[in-house]
Every structure is written in structure tokens, then in C-alpha cells.
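Data block below; observations after.
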Amino acid sequence: MSKIDSEEIQKRMARISEMFSEMVSHAETVSQTRCPYRDRHDLCTAEFRCRNQKPPAAEGERHPCGHDGNFDYRSAWESQPLAHGRAKKKVKEIREGAARRRSESRRKKAD
Amino acid sequence: MAELSDIGNEFIRQEIEEYLERPEEIERNIELFARVRPAMQAIAAALIEGEDGEVDRLTKLALADGIEALEIMDDGLIAGMGIVGIKFREAMIFVPEVLACARAMKAGMKYIEPILSDSGVEPIAKVLMGTVKGDLHDIGKNLCIMMLRGSGFEVVDLGVDTSEDEFIDAIEEHKATILGMSALLTTTMPNMGKTIEALIDADVRDDVFVMVGGAPVTQEFADDMGADGYGKDALSCVSLAKKLAAQTA
């Protein structure tokens with residue numbers, strides 16, 4: 001296996017990184033109105049259920065996407081303040097519960 | 001000046017003819033593909049089609065035939081990805097197709113990476129990436145993985161619906177330095193905190209930096225959960241991973 005000049009490799013890696021950065025930025029823009037799971041044939045590639053999925057043409061085929069593309073579908077994904085509050089509370093409970101468990105376990109070991 | 005007919009690969013000819021509109025891009029790609037050997041045109045064509053198995057096979061074959069790794073990168077993989085970028089920009093393909101092409105590129109890079117490593121170019125760091133338990137959304141994670149790989153990280157994709165035990169096993173198995181967790185749902189987001197606590201219980205928390213991201217996640221949540229960093233999108237995920245990797249060096 002022949003060795004390559006590492007500077008030459010870095011140039012290629014920088015090029016790949018630049019290409020991907022452009023694509024990711026563009027994906028961000030496109031995804032404001034078009035679901036990122038919707039492919040070029042307007043079929044849904046998601047592995048989860050979505051209310052925009054229409055019945056597939058045949059069993060086992062992908063669901064056509066029924067979203068009209070006229071509004072930012074992400075508003076449906078964004079969390080509600082209440083849900084955020086609940087999640088925040090749950091995180092706190094998880095951390096406090098884990099800390100309590102650890103402290104009890106340390107105390108038992110010491111006993 | 002090269003002509004379209006100078007390109008031997010029919011698929012590449014069609015791609016240029018059908019999808020490229022800007023004169024300077026048409027000219028540049030005709031010049032490029034007209035001078036590259038057929039084996040590289042075939043790799044580029046397979047990559048544009050998102051056929052990872054074919055890119056895998058052709059790259060392996062090209063290296064076995066003595067073609068240099070840099071030539072495969074330049075004339076096959078990067079050249080093909082250039083067309084993918086244009087098609088995406090012009091709304092002829094979308095995120096799922098781009099991700100398929102990125103997977104195809106990874107299939108080719110798999111054979112190039114040992115050569116890069118032999119030449120002293122090592123991955124920046126090894127990163128584990130997974131969507132947390134109960135969450136099946138993977139586009140954000142997959143875009144992050146694409147960006148991380150393209151920026152020189154080695155990435156192990158743990159997929160979606162990843163349990164705490166799977167994260168722990170992966171840390172132990174792969175000896176990664178960074179763990180990335182993503183969640184798209186407010187209801188599954190607390191599972192990131194749960195996983196971090198499980199890492200502490202399994203005594204592996206100090207083995208990795210934990211970065212988190214996903215639509216409902218914020219810096220505040222990341223801090224609450226005890227994560228080491230938060231990335232709001234794929235680009236900031238890479239900056240964050242670089243920052244964290246620098247701390248291990």
C-alpha cells in the first residue's frame with residue numbers, strides 16, 4: 001500500500017467537509033417547508049408513523065407523503081412550553097433519583 | 001476543450017445533460033469526467049445513484065488494480081459528490097437521497113481510510129452517535145454523522161431507539177472518546193439524562209464526553225442533564241466535537 005502526502009489528503013478532506021457543510025446548510029433551509037424524510041419521489045422514508053403518510057400503493061411499499069408543502073411542518077414537532085416544563089421536571093427527577101440511589105448504595109457499603 | 005461525447009459513461013453523460021444548468025458547471029464537469037478513467041466514472045455514477053454496495057465493490061477493485069487512493073477520492077468519490085451537491089441545490093434530489101449518497105461515499109472511504117492512516121492521517125476522534133430510547137427520528141443524527149465523517153472523525157452509528165445499555169456497551173466496545181445523543185421528541189428527551197445517569201452508574205461517564213442535540217434540546221437542557229456540550233445543528237455538532245476532541249489530546 002503506497003503512502004500519500006498527508007497535506008494532499010488534508011486538502012481532500014477539507015474539500016469533502018466544505019461540500020458537506022454546504023449540503024447541510026441547504027438541508028436546513030429546504031427542511032423549513034419540505035419534510036427531510038420525503039424523498040424525490042414524494043415517498044416517506046421515515047421509520048415512524050406520521051399523520052401526513054398516505055396509504056401505500058401496495059403492501060410493503062413506502063407511504064406517499066401527503067403534506068402540501070405550504071407551511072412549516074416543524075411547528076408540529078416543536079415542543080409546547082408545558083411539555084418542555086414536564087421534560088425539565090423529569091430530567092431533574094432522574095438526576096435526583098440517581099443521586100439518591102448512589103448515596104444509599106454508598107451508605108450500605110460503608111455499613 | 002472536451003465535449004460531452006468524450007465521457008464514456010452514459011449515466012454520467014445523462015446526469016450532466018439532464019441536471020446541470022449553469023454553463024460553468026457543465027463545462028467544469030465535462031472537462032473533469034472526460035479526462036478521468038472509466039473505472040472512476042463508474043464509481044462516481046454509483047455514488048450519484050446512492051448505491052453503496054456498488055461503490056464498495058468498485059473502490060475495492062480500483063485499489064486492487066493499482067489505482068492510487070487520491071485518484072479514487074478526486075475522480076470518483078469527490079467528483080460524484082460534486083454532482084450530488086448540484087442536484088440537491090437545484091431541488092432535483094432531497095435529504096434522503098443525499099444521505100444515501102453519503103453512505104455510498106462512506107462505503108468507498110472504508111477502503112481509503114487504512115491508506116490514510118498508513119500515511120499518518122488518523123481520525124480526529126472516535127464518536128458514537130445514537131438516537132435515544134423511544135425515538136425513531138434519525139435524519140438529524142444522520143446529517144451529523146455525514147458532517148462528522150466528512151470532517152475527519154470516525155463515527156460508529158448506533159442507530160435509533162438506543163437503550164442505555166447499548167450506549168454503555170458501545171463505549172466499552174469501541175473505546176470512543178465522544179458520545180453523541182439525539183432526540184427529536186420532548187417526551188424522549190429526558191432519556192438523554194437517564195442515559196447520562198446510567199453511564200455514571202456503569203462507571204463509564206468519565207471515559208467519554210457527552211454531546212446532545214435535537215429539535216427540542218437547548219443549552220439549558222444540556223446543562224440540566226449534565227452533558228458536556230450541546231449542538232444546535234450538524235455544523236455546530238462538528239465544531240463541538242472538535243472542541244471536545246481537543247480536550248482529550
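The values are calculated or read from the model by the stated rules, or taken from the named source; none is laboratory data. In this text the structure is predicted, and so the values were computed from the model without any measurement. No Cβ is skipped: glycine too gets one built from the backbone with ideal geometry, and neighbour counts run over all protein chains shown. For accessibility, only protein heavy atoms count, side chains too; no ligands or nucleic acids. Shrake-Rupley method; radii C 1.70, N 1.55, O 1.52, S 1.80 Å.
For B:E197, work out the one condition from (1) touching a helix residue (DSSP H, G or I) at 6+ places or on another chain (Cβ under 8 Å); (2) assigned to a strand (DSSP E or B) it doesn't fulfil.
Condition not satisfied by B:E197: (2).
Any idea which residue in region B:226-237 is nearest to the chain's Cα centre (by Cα), counting only those that are of a type outside the set (G, A, S) and either at pLDDT below 95 or part of a strand (DSSP E or B) (or both)? Before you say what the answer is, go through the steps one by one.
Within region B:226-237, the subset of a type outside the set (G, A, S) is B:228, B:230, B:232-233, B:235, B:237.
In the following step, the residues that additionally are either at pLDDT below 95 or part of a strand (DSSP E or B) (or both) were identified as B:230, B:232-233, B:235.
Numbers: B:Y230: 19, B:K232: 17, B:D233: 14, B:L235: 12 Å.
Selected residue: B:L235.
Between B:D138, B:D165, B:D118, B:D157, which is more than 10 Å from chain A (Cβ to nearest Cβ) and out of contact with any helix residue (DSSP H, G or I) (no Cβ under 7 Å at 6 or more places or on another chain)?
B:D165 is the lone residue from the list that is more than 10 Å from chain A (Cβ to nearest Cβ) and out of contact with any helix residue (DSSP H, G or I) (no Cβ under 7 Å at 6 or more places or on another chain).
Determine the pairs where a residue that is within 7 Å of chain A (Cβ to nearest Cβ), located within region B:174-199, has a partner that is of a type in the set (K, R) with Cβ atoms under 7 Å apart, the partner being 6 or more residues away or on another chain.
Taking only residues 6 or more apart or on different chains, the pairs are B:P190/A:K90; B:G193/A:R95; B:E197/A:R95.
Looking at region B:155-173, can you tell me whether even one residue there is assigned by TED's automatic domain parsing to the domain that holds B:M192, assigned to a loop (DSSP other than H, G, I, E, B) and open to solvent by less than 20 Å² (accessible area, probe 1.4 Å)?
Checked region B:155-173: no residue is assigned by TED's automatic domain parsing to the domain that holds B:M192, assigned to a loop (DSSP other than H, G, I, E, B) and open to solvent by less than 20 Å² (accessible area, probe 1.4 Å).
Of all residues in region B:77-107, which are closer than 18 Å to B:D138 by Cα and within 7 Å of chain A (Cβ to nearest Cβ)?
B:F94, B:V95, B:P96, B:E97, B:V98
With (1) surrounded by fewer than 18 Cβ atoms within 10 Å (Cβ to Cβ); (2) part of a helix (DSSP H, G or I); (3) out of contact with any Lys or Arg (no Cβ under 9 Å at 6 or more places or on another chain); (4) facing another protein chain (nearest Cβ under 7 Å) as the list, and A:K3 as the residue in question, which single condition is left unmet?
So A:K3 meets the others, but not (2).
Can you tell me which residues in region B:47-64 are over 17 Å from the mean Cα position of the chain (by Cα) and crowded, with 23+ Cβ neighbours inside 10 Å?
Selection gives B:L58, B:T59, B:A62.
Find the helices (runs of 4 or more DSSP H) located wholly in region B:49-152 whose residues include 3 or more that are assigned by TED's automatic domain parsing to the domain that holds B:R37, and list them.
In region B:49-152, the matching helices (runs of 4 or more DSSP H) lie at B:52-64, B:79-89, B:95-118.
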